[in-house]
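Asks: One structure is given below, represented as structure tokens, and several questions about it will come after.
The values are calculated or read from the model by the stated rules, or taken from the named source; none is laboratory data. Computed from a predicted model, the values in this text were never measured in an experiment. Cβ placement follows ideal geometry from the backbone for every residue including glycine, while neighbour counts extend to all protein chains displayed. For the accessible areas, the whole protein counts, side chains as well, though only heavy atoms, and no ligand, DNA or RNA atoms are used. Shrake-Rupley method; radii C 1.70, N 1.55, O 1.52, S 1.80 Å.
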Amino acid sequence: MNKKVLKTLEYNKIVERLAELAHSEAAKNRCIKLLPTTDLDEINNAQKQTSDAFSRIIKKGSVSFSGLTDIRPSLKRLDIGSSLNAPELLKIKTLLEVARRLKGFGQKDRDDSPDDSLSLLFENLEPLTPLREKISQIIIAEDEIADDASPTLFSIRKSISGMNGRIHDQLTKIMNQANTRTYLQDNVITMRNGRYCLPIKSDAKSLFPGMIHDQSSSGSTLFIEPAAVVNLNNELKELLLKEEDEIEKILATLSEEVFEYKDSILDDYRILTDLDFIFAKGELAKEHNGSAPRFNTDGHISLRRARHPLIAADKVVPIDMRLGEDFSLLVVTGPNTGGKTVSLKTVGLLTLMGQAGLHIPAGDNSTLSVFDEVFADIGDEQSIEQSLSTFSSHMKNIVYILNHADTKSLILFDELCAGTDPTEGAALAISILTDLKDRGTITMATTHYSELKVFALSTPGVENASLEFDVKTLSPTYRLLIGVPGKSNAFAISGKLGLSNSIIEKAKERINDTDTKFEDVIASLEQKRIEIEKQQNKINSYKLDIEKDRAALKSKQANLDNQKANILRKANEEALAILQDAKKYADESIRNINKYGSMTAPLSDMEKERANLRSKISDRSESLSVKKNTPKNHNVPKNLKIGDSVLVMSMNVKGTVHTLPNAKGDLTVSMGILQTKVNINDLVLIQDDTNTTKKKFEKTGAGKIKMSKTQNISSEINLIGKTVDEALAVLDKYLDDAYLARIPSVRIVHGKGTGALRNGVHGYLKRQKHIADYHLAEFGEGDAGVTIATFK
């Protein structure tokens, strides 16, 4: 692919944005160097990887490659027998942590989930957990090795600590001597050149025995190592040298272990950079809301709702475009600033992106063709250095294109043969386009020449297209309309910009009748197209409504059928149960009659059988009858007194208790001049306003809760010893209880420690709407170990 078209179509801006989405330098460089390919299998494979990365991002969220650095130089040092230093070993540990994180990200949610094009890459990652954990245990930071990295190092550091203590004790003893205090500039112990010293006044140096190691900038203070600690400092220096030797041995041993896994570590690095590059493409697809185009080698292009990726999403207007199947040459006309050049660049840029394995900002099922070359003549090609005019520069570029184009090329012309005499320019443009059509080259050209519109109308394999223009608002809509030639609308736009009407009318008089009629035909066709499109939109809307109503009716009928079937099934089941029950009792009755027929039956037994049968029939009749739903009374009065006001629920009538309830709960209630017998379960006691208010005050549930909470909730909670997750769960419940108990503020004890628990608590409090303010406690109240939270 020629480099000029990559710049002309701004493909370089796409790969620059892609590089910003990658994390490692290797992946960023790979993004910048990404070029379109012409191998169909390679394109499809790259598109599949982008699709799978995009799918995983949508399902699981973005994945972090933070910490992925190039460890290859360190591995080369191992090849020649060198040992790695602490920072290099930490980079390898970080790489293995990234491998572990990515390994977990790539695991399937279910065992039966199908593999995709990235599954093998995730499976081949080796986190090397034992090696990673060992590096973590030994190397705490780039300049710190753990005390227990080896028994020898532990012993040396223990001796160093003891020696430091002895030196401090000796120096403290010297400073506390009466004669020494007069020599001291400051009552502190300092260190110079790795040896402990005391700051002595310069005029007392002859009075204080020891070695001078340094002096202050003013010269008034000398840093002298007392003679009494010289031997101790020497011993400390020897211990420090032993510590360095032991650390070198530890790092050398650790480097040998890393060397054993060198190949696996290198494979991890290569896989991680591959995944970093692929997921950058997935993130770009998400950013553009892109889709994977279908590719062919027949020159067919079909874009659905395609958008230029470098125009803001809230400003870009999607276009539908087809080329190469019914026609190989598309002539686009329309007014300036109408979007012709953007449409041209969209087709070219999306072709380059697709062949580079990137998703394109277009609708699903969009189709692109694989082209060996994409040529574009767009923009102002004027060259001052080469003394070329705009037309000459364009023509030089066109000549180059014509000399290199073939059937596997896509050619994009913007304002073909503009910048010269219109008659000659139009004739030249028609000849160039005819030559390309005869070759079978897929071409898209924009123009203002009316002759090219006629050429497209009268030539097989050539099609007109235009950018829609709203005559009412005199502004473009940027919609690409294939099959309709466009008008330049120069007169309308000039009038909108303030050009005098008399000048515009005189200009119209200078256009010959043939041109005027042609433009009028185009305008008439455009108006009819708009009307037909509106009618078609209405028809489509009606069809959609009809389909929705049909689907709703079908669903409703299905529900009714299901309900009917369920009712019939239930009725049949109940009928069968009744028949079986009846048969059972009939058989039993016959057996009893036969039994009593052979002997004299006691009348009590016969009456008992009849009573059982009547009871069974009555129960069955009740189960088959329609029952009236009466609300259950949850406020049955307990201690009724004669004269109490009650409500008879079944009648919804107020009355007065006339008699007390009997053993069955029946009593007489007076309702005006009438008296009726009711059951106590059908009554609700009516209280007067004073009692009601009192009862409500006494029995309010919220009040009980608040009183209970106030008695049991402390104004302080201790979270020390808990993890952040455990602490936040306890804190959440505690704050709810404290808020209900109306405690104005609470003390949250989290301790100082590393600050993780404090930060977690503050982050949680920041999100709570019922917390008005929170701050660390004052000095003496727990300061940084306690947070005070105040409720709203």
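Asks: Over 23 Å between C-alpha atoms is what I'm after, so list which of 173/752; 242/262; 60/733; 4/408 land there.
Replies: Pairs exceeding the cut-off: 173/752; 242/262; 60/733.
Asks: What does the accessible area per residue of the range 89-160 come to in Å², with a 1.4 Å probe and no ligands, DNA or RNA counted?
Replies: Heavy-atom SASA per residue in the range 89-160 reads 57 Å².
Asks: Ok, one more. Taking θ as phi - 60°, what are the ³J(HN,Hα) couplings along the range 144-152 by the Karplus curve (6.51, -1.76, 1.60), each to the nearest whole Hz, with x for Gly and Pro?
Replies: Couplings: 9, 10, 5, 4, 8, 4, 7, x, 5 Hz.
Asks: Please give the direction-averaged projected area of the C-alpha convex hull for the range 311-357, in square nanometres with one decimal.
Replies: In nm², the orientation-averaged hull projection of the range 311-357 is 4.3.
Asks: Can you give the percent of C-alpha pairs in the range 15-71 whose distance is more than 17 Å?
Replies: Pairs farther apart than 17 Å: 53 percent.
Asks: Shifting gears a bit: Provide the solvent-accessible area of residue 207, counting protein heavy atoms only and rolling a 1.4 Å probe, rounded to the nearest 10 Å².
Replies: Roll a 1.4 Å probe over it and residue 207 shows about 100 Å².
Asks: Quick check on my link table: of 13/108; 453/543; 286/538; 3/28; 93/158, which ones sit more than 24 Å apart, alpha carbon to alpha carbon?
Replies: Those over the limit are 13/108; 453/543; 286/538; 93/158.
Asks: Moving to a separate point now. Once amide H atoms are placed 1.01 Å from N in the peptide plane, what residues at a sequence separation of 5 or more from residue 215, or on another chain, have their amide H within under 5 Å of its amide H?
Replies: HN-HN under 5 Å from residue 215: 223.
Asks: Shape call for the range 1-149 from the C-alpha gyration tensor, a ≥ b ≥ c root eigenvalues: rounded (a/c under 1.5), prolate (a/b greater than b/c) or oblate?
Replies: In terms of gyration-tensor shape, oblate.
Asks: Out of the total accessible area of the range 223-290 (probe 1.4 Å, heavy atoms of protein only), what percent is carbon and sulfur?
Replies: 46
Asks: Order 281, 249 by their accessible area, 1.4 angstrom probe, all chains in place, largest first.
Replies: 249, 281
Asks: Please identify the trypsin sites (Lys or Arg not before Pro) of the range 636-668 that satisfy two criteria: DSSP loop assignment and at most 10 other Cβ atoms within 10 Å. Which are they?
Replies: Answer by residue number: 638, 641, 664.
Asks: Report the Cα centroid-to-centroid distance between the range 716-769 and the range 142-157 in angstrom, as an integer.
Replies: With the range 716-769 and the range 142-157 each reduced to a Cα centre, they are spaced 38 Å.
Asks: With all protein chains present, calculate the accessible area of residue 160 using a 1.4 Å probe and round the result to the nearest 10 Å².
Replies: Counting only protein heavy atoms, the figure is 20 Å².
Asks: Based on the alpha-carbon gyration tensor of the range 259-368 and its eigenvalue square roots a ≥ b ≥ c, which shape applies: rounded if a/c is under 1.5, prolate if not and a/b is larger than b/c, or oblate?
Replies: The shape class here is prolate.
Asks: On the protein heavy atoms, probe 1.4 angstrom, tell me the percent of accessible surface of the range 1-148 carried by carbon and sulfur.
Replies: Ligands and nucleic acids excluded, carbon and sulfur reach 47 percent.
Asks: So, one more: When the Karplus curve 6.51 cos²θ - 1.76 cosθ + 1.60 is applied with θ = phi - 60°, which whole-Hz ³J(HN,Hα) does each residue of the range 18-35 get, with x for Gly and Pro?
Replies: 4, 5, 5, 7, 8, 10, 7, 5, 4, 5, 4, 5, 5, 5, 4, 8, 5, 10
Asks: Are there trypsin sites (Lys or Arg not before Pro) in the range 313-380 that DSSP puts in a loop and that have at most 11 other Cβ atoms within 10 Å, and which ones?
Replies: When the trypsin sites (Lys or Arg not before Pro) of the range 313-380 are filtered for loop state and at most 11 Cβ neighbours within 10 Å, 315 remain.
Asks: With every protein chain kept in the model, how would you rank 225, 25, 463 by accessible area, 1.4 Å probe, largest at the top?
Replies: 25, 463, 225
Asks: Report, by chain and number, residues whose modeled amide H sits under 5 Å from the one on residue 328, excluding near sequence neighbours (fewer than 5 apart, same chain).
Replies: Amide H neighbours of residue 328: none.
Asks: Tell me the per residue accessible area of the range 267-377 using a 1.4 Å probe; a whole number in Å² is fine.
Replies: That works out to 33 Å² for each residue.
Asks: Next question, about the same structure. Do any trypsin sites (Lys or Arg not before Pro) in the range 51-131 lie in a loop, going by DSSP, with at most 13 other beta-carbon atoms within 10 Å of their beta carbon, and if so which?
Replies: 108, 110
Asks: Right, another one. So, with a 1.4 angstrom probe, what is the percent of accessible area on the range 345-461 that is carbon and sulfur?
Replies: Carbon-and-sulfur percentage of accessible area, whole number: 53.
Asks: Here is a follow-up. Counting only the heavy atoms of the protein chains, how much of residue 191 is accessible to a 1.4 Å probe, in Å² to the nearest 10?
Replies: Looks like 80 Å² after rounding.
Asks: Please say if the range 163-218 is rounded, prolate or oblate, where rounded means a/c under 1.5 for a ≥ b ≥ c the square roots of the C-alpha gyration tensor eigenvalues, and otherwise the choice is prolate for a/b larger than b/c and oblate otherwise?
Replies: oblate
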